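One structure is given here, and the rest of the page talks about it.
Quick note: the coordinates plus some simple rules give every number you see, no bench work behind them. This structure is a prediction, so every number in the text was calculated from the model and none was measured. Because the Cβ atoms are built from the backbone with ideal geometry, glycine has one as well, and the counts that use them run over all protein chains shown.
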Amino acid sequence: MNQPEVKNYINGEFCRNGQPSLDVISPLTGEKISTLPMSGMKELDQAVTAAKNAFPSWSSLTLKERIQVFFKYRNLLEKNIDELSNLVQLENGKTYSESRAEVEKSIELCEFAVSMPQIITNEIQEVSRGVECRIERKPIGVVACITPFNFPNMVPHWTVPNALVLGNTVIIKPSEMVPLSVMRMAELLEEAGLPKGVFNIVNGGKEIVEAICDHEGIEAVSFVGSTKVAKIVYKRASNSLKRCVALGGAKNHLLVLPDAHVQMTANNVVASMSGCAGQRCMAAAVMVGVDQVQHIIDQMIIEAKKIVPGENLGSVISKEAKERIEGYITEAEQQGAKILVDGRGATVSGKEGGYYVGPTIIDYVTKDMSVATEEIFGPVISIIRAKNLDEAIQIENHSNYGNAAAVFTQNGGLAKRVMEKASAGMIGVNIGVPVPREPFSFGGWNESKFGVGDITGRSSIEFWTQNKKTTTKWNPEDKTNWMS
């Protein structure tokens, strides 16, 4: 074990509460790097009490006063970027460059949070002679964020900076597989001057997630994870009369037309399916080849063979994930699909205990195969052949998910058809990972998201605040009407 033991962080103190402990394993080597407390309702009650007690003073500060903490915090992220990047790599298994890019995105998310005074202005209007109406945004109280394993630094920054800047107090439950980045986040927020109790960490598994959904003292819950769990969290939190936005899984389709730029398309598709070892909800999962695209597939094979586990491809998160991903590949092969590039059985010299799957391209997949319909969450792309664009769009629309879709073509009219007809919340044209940048918000459709609004950008402001409407009249001499 080469990292400190993971602790909960409640009311500004790291504490050894919660039993029993769970081993934290680095997927790079398969070795134990820390231990994690498995918390329950007792620990959550303590965190909610701390957050509730901190709320009045934190929320009473002006927006400009609250963002001062995040100006300092943003600079601390930049100052400690190497350490934070190494931590992401250790606990998640990404390459160093991917880990650094993740922290850089966290910095960008903080920059959006500190821009709130330029984005949020109270509305005021004279609605009748001598009568004014105004709308102010107010925080909703104690909120909770449940975050996944695939972006241990970035996804917490999707929610925490905005929720805190807007005046809420936060409880975060990181994935039990990657708790180290969030623990370091608490230390840096404290260094930046965040008051005690405003930010709290409660570690654990299923029990603590259920407790967050049920707790009467929590007003809102954000969740990022699999669709199966997102559905449960959304239903359970909503049943407890909480606001909830829950992001689930994805099966993103890239529609490739014959006129697409060969090199750019091959690079984009392969990078999209293999970046972060395919463990991102924006990864390319299915390529729909429209008509004659063999020349592009041939180039994809060349590009995929340049990706080497342990060099420019990180590990997957666990032994179970590796076995599940390789099982999908084997099943597709048994069902008649053709494996063009095979990532099964990958190992890295000196890290034989790590969990690696090489880039995998599967051709002649039919739309009823598991590799075409289920989220694999690995560096695997399935190719389905379509006769024309209408058939390709139908294949994309048939998916239960709706996170992202992309089209590769040099024809603007055909691209526009896909933009209009694809059933997904985020669309790319000649871009394999169409992630919106701030202030544009992140969020999918269909079974990729449950709840109203998106989780980042301007859309998140609605989620983390409530409107207070005030009507005033100070002129008794003016004629009274139904407005006054």
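Data for the structure
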quantity	calculated
Neighbourhood charge, 15 Å Cβ-Cβ cut-off, centred on residue 134 and excluding it, Lys, Arg +1 and Asp, Glu -1	+1
Value at 222 nm in deg cm²/dmol, rounded to 500, when DSSP H runs of n ≥ 4 in the chain each add -39,500 (n - 2.57)	-12000 deg cm²/dmol
For the chain, share of DSSP beta bridges that run antiparallel, in % to the nearest 5	45
Percentage relative contact order, the chain, counting C-alpha pairs under 8 Å, at least six apart	18
For region 252-429, projected area of the alpha-carbon convex hull averaged over all directions, nm²	9.1
Compactness relative to 2.2 N^0.38 Å, alpha carbon Rg of the chain	1.04
Counting all C-alpha pairs of region 370-484, share separated by more than 18 Å (%)	65
Percent RCO, i.e. relative contact order, over region 252-429, from Cα pairs under 8 Å lying at least 6 residues apart	29
Note, ³J(HN,Hα) from phi for region 335-343, Karplus 6.51, -1.76, 1.60, rounded to Hz, x at Gly and Pro	8, x, 6, 10, 8, 7, 9, 10, x
Bridge type composition, region 252-429 - antiparallel percent by DSSP, nearest 5	10
Vicinal HN-Hα couplings computed from phi for region 429-444 (Karplus, 6.51 cos²θ - 1.76 cosθ + 1.60; Hz; Gly/Pro x)	10, 6, 9, x, 10, x, 7, x, 9, 4, x, 6, 9, 9, x, x
Reachable aspartates and glutamates, given that their alpha-carbon falls under 20 Å from the alpha-carbon of residue 338 and they are not under 8 places away in the same chain	291, 298, 303, 323, 326, 363, 368, 374, 375
Beta bridges per DSSP with both ends in region 52-209, % antiparallel, nearest 5	40
Nearby lysines by direct alpha-carbon distance to residue 473 (threshold 22 angstrom, same-chain neighbours under 8 apart not counted)	none
Environment charge at residue 266 (Cβ cut-off 9 Å; Lys +1, Arg +1, Asp -1, Glu -1)	-2
Cα-based reach from residue 469 at 18 Å (exclusive), listing aspartates and glutamates while leaving out same-chain residues under 8 positions away	123, 126, 132, 136
Entries in 64/235; 7/206; 32/79; 94/251 that, when Cα-Cα distance is taken, lie over 26 Å	64/235; 32/79
Cα shape, region 77-195, gyration tensor, a/c 1.5 rule	prolate
Cut-off of 10 Å, at most 11 other beta carbons, DSSP loop: longest stretch of the chain lacking such chymotrypsin sites (Phe, Trp or Tyr not before Pro)	1-473
When each of 105/196; 105/421; 228/367; 72/351; 105/351; 322/449 is checked by Cα-Cα distance, pairs over 32 Å	72/351
